[in-house]
Each structure stands twice: as C-alpha cells, then as structure tokens.
Amino acid sequence: MYDADDPPIREFADRGTLWLLESTSNLRDLVAMAAREVADSLDFERAERVNRSFVPADLHKQEADLLYRVPFRTGKSEVWVYLLVEHQSKPDRLMGLRVLSYMVQVWDMQRQRWEQERPSAARRRLAPIVPLVFYTGKRRWSRVPGLEAVMQAPAALQRFVPRHETLFVGLDGLPAHSDDASPLATVLRVLRMADSDTEAMKAALAGAMRELEALPPEAQAEWRRAAHYLILLVRHKRTVDEQDALNQALADAIVGERHEEVNEMTMTGAEALLREGHRLGVDEGRQIGADEGRQEAFKALLTLQLERRFGSLTEAQRSKIAALTGEQASLLGVQLLDARSLAELGL
C-alpha cells in the first residue's frame with residue numbers, strides 16, 4: 001500500500017528492481033540464473049510473500065530485499081527464499097555476515113510462530129532458507145564471501161566458523177547475449193546498458209521489446225510488467241532530452257494491438273496534458289520548466305487514469321496525489337497496474 005507521507009523512492013535501482021522481482025515468475029528466473037536445480041525443485045506458482053516485520057525499522061530503511069515461502073514441487077516441505085538486492089559500488093566482504101544475521105532473524109520468526117500456533121513437538125521444524133544476493137554494482141564480483149573470509153581463526157579452530165552457501169547473481173557478470181528468453185533476462189540485459197550512449201540504448205530497448213513480443217504464450221503475462229519497467233528505467237536513468245526518443249524506440253518496436261498500449265505507457269506528461277487539457281482546464285499554450293512540468297503533468301495524467309479505473313476522486317484524494325513527489329507518483333503509477341481498489345493504493 002502506498003502512503004503519501006512515505007519518503008520518496010531512495011533510488012530507482014532499489015525500488016524498481018524490487019517491484020520487478022515481486023513477480024514470482026521473475027523471482028524464479030533469478031534463482032535459476034544462480035542455481036537451476038534449486039529453481040526447478042520449487043513451485044513458485046504457490047510462493048507466498050512474507051511480511052518482514054521482524055526487521056528493525058531503521059535497518060529496513062537501508063536494505064532492499066524480499067522474503068518468500070516457496071513449497072517444493074513434491075511433498076509438503078517448503079523453503080524460504082531470501083533475496084537481497086545490493087547496489088554498492090564495490091563488493092562487501094561482510095556480506096556473508098549480513099546474510100547470516102538476516103537468516104537467523106527469519107528462523108527466530110519461525111520459532112515465534114510456534115508459540116502462537118502451538119504445533120506438536122514433531123512439527124516444530126525450522127524451514128531451510130535459500131539466500132540470494134543480486135548485485136548491480138559496476139565492480140566485478142563473482143560470489144558472496146563466507147565468514148571464513150573475515151574470521152581470524154587458526155586452522156585448528158576453522159571448524160567452529162559457521163558456514164552457509166549464498167546464491168549470487170551479478171548484473172555485470174550476465175552474458176550480453178543469451179538463449180534465455182525469460183522477461184527478466186531481457187530486462188536485465190537492458191539494465192546493464194543503462195549508462196550507454198543514446199543510440200546504443202535505443203537499440204537495446206527496441207531489441208528488448210521485440211524479445212518480449214516474441215515470448216511464448218505462457219510467458220506473456222509478464223510482458224507488461226517488463227515493458228513498464230523499461231519505461232521507468234528511461235524516466236529515472238536518462239536525461240529529459242533523451243526520453244522522448246528512447247520512448248519512441250520502445251513503442252516503434254511493437255506492432256499490432258499492443259502498439260497503442262505501449263504508446264500510452266510511454267506518453268510524456270506534457271503530451272497527456274495536451275490530449276486531456278479540456279478536462280483539466282489547463283491552457284495548452286502554458287509553458288513551464290521541463291522537469292517540474294513533466295512531474296505535474298504526470299500527476300495530472302495519473303489522476304485521469306485513477307478516475308477512469310475507479311470513478312471520481314474526492315478532494316482529499318486529489319490533494320494526496322498533488323502532494324506526491326515525482327518519484328512517488330511514478331511508484332503509484334506502477335502500483336496502479338495491479339491494484340483492485342483505491343484503498344490498496346493508500347487513497
């Protein structure tokens with residue numbers, strides 16, 4: 001649920017990536033990139049997001065992570081998949097310790113659940129945790145170091161050092177080209193090029209949209225999430241002067257009935273105001289600063305989309321939208337894709 005009083009999105013890399021991976025099919029594909037045999041043994045269609053209320057509030061503000069309960073494909077057992085998205089510019093030698101501390105907190109949460117549900121002694125079993133670090137930094141990093149990398153212990157005491165494996169996917173280590181046709185792999189290949197020159201980015205975006213359009217029917221459900229992520233990537237990672245050309249490259253790569261939908265998704269806020277200006281009472285000739293104008297225009301478009309979806313908004317709801325920062329409005333626009341009511345959006 002979104003709240004207008006929340007702080008603005010810390011950075012697109014954090015929140016955008018987490019939103020992309022809230023899709024359990026994308027989460028499955030990320031696990032498969034690190035350990036195919038693990039992904040194949042789990043039923044991600046029955047995965048359940050876990051409320052992370054056990055994490056202290058001050059720590060939660062600093063981390064970008066997701067926690068899921070995922071059953072095995074056969075039997076009644078389950079594992080918990082803990083995903084940490086890491087954006088530091090260089091590898092963290094203490095990552096193994098950080099991951100282990102989170103795992104212990106998860107197990108303690110499982111123990112606390114026993115106290116509430118009071119299962120029989122035979123059923124009091126901790127579920128294993130599959131930790132996965134997704135690293136988007138520029139420095140090459142091939143694995144998460146264990147505690148032995150930072151533990152000062154002689155050989156005779158090494159057996160007392162806790163050990164666990166952490167799955168690892170590094171954005172920089174992904175191949176530029178791959179036979180992997182998953183929506184996630186397609187999007188991540190573009191994310192790798194987020195800082196490339198305009199022409200290279202246009203080619204990457206167009207190629208990604210063509211890949212998404214060619215996905216098999218069973219994967220088409222994720223095409224819209226992936227397409228919207230790419231649009232947000234353009235908005236948050238590229239300059240205002242580039243955005244129209246990059247958005248056009250996205251839209252032009254799609255043919256058929258989805259072309260107009262992608263055009264609507266990529267439409268700039270200023271264009272939206274011109275199209276709907278008569279409803280808003282806005283002078284079409286009004287000129288305002290590019291950044292400020294786009295933010296206000298986007299919020300006006302967002303208001304229209306909310307009204308078309310859910311009916312007229314109250315003055316209080318309109319005031320909440322008007323008070324949003326540009327990044328908060330972007331996040332609300334993303335959440336609108338899946339929302340079933342204004343209440344789910346905090347409105």
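Here is how the numbers come out for the structure above:
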{"read-out": "Subset of segment 300-335 [surrounded by fewer than 18 Cβ atoms within 10 Å (Cβ to Cβ) and assigned to a helix (DSSP H, G or I)]", "value": "L304, Q305, E307, R308, R309, F310, E315, A316, R318, S319, A322, Q335"}
{"read-out": "Cβ pairs under 8 Å, 6+ apart, first in segment 186-199 and outside the structural domain of H87 (by TED's automatic domain parsing), second among the hydroxyl-bearing types (S, T, Y) and assigned to a loop (DSSP other than H, G, I, E, B)", "value": "R189/S178; L191/T136"}
{"read-out": "Any hit, segment 170-184, residues being in a helix (DSSP H, G or I), in contact with a helix residue (DSSP H, G or I) (Cβ under 6 Å, 6 or more places away or on another chain), under 30 Å from M95 (Cα atoms) and not assigned by TED's automatic domain parsing to the domain that holds M95", "value": "yes"}
{"read-out": "Failed item, numbered, when Q152 is tested on (1) part of a loop (DSSP other than H, G, I, E, B); (2) touching a helix residue (DSSP H, G or I) at 6+ places or on another chain (Cβ under 9 Å); (3) surrounded by fewer than 20 Cβ atoms within 10 Å (Cβ to Cβ); (4) not assigned by TED's automatic domain parsing to the domain that holds H228", "value": "(2)"}
{"read-out": "Positions within segment 240-284 being of a type in the set (V, I, T) and modelled with pLDDT of 75 or more, in sequence order", "value": "V240, I254, V255, V262"}
{"read-out": "Selected residue [in the same structural domain as R140 (by TED's automatic domain parsing) and at pLDDT 95 or above] from S41, S77", "value": "S41"}
{"read-out": "Whichever residue in segment 28-43 is of a type outside the set (G, A, S), without any contact (Cβ under 8 Å) to a residue 60 or more places away in the chain and surrounded by 17 or more Cβ atoms within 10 Å (Cβ to Cβ) and, among such residues, is farthest from V169 (Cα to Cα)", "value": "L42"}
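The values are calculated or read from the model by the stated rules, or taken from the named source; none is laboratory data. Keep in mind that what you see is a predicted model, and the values were worked out from it rather than measured. All Cβ positions, glycine included, derive from the backbone under ideal geometry; neighbour counts span all protein chains shown.
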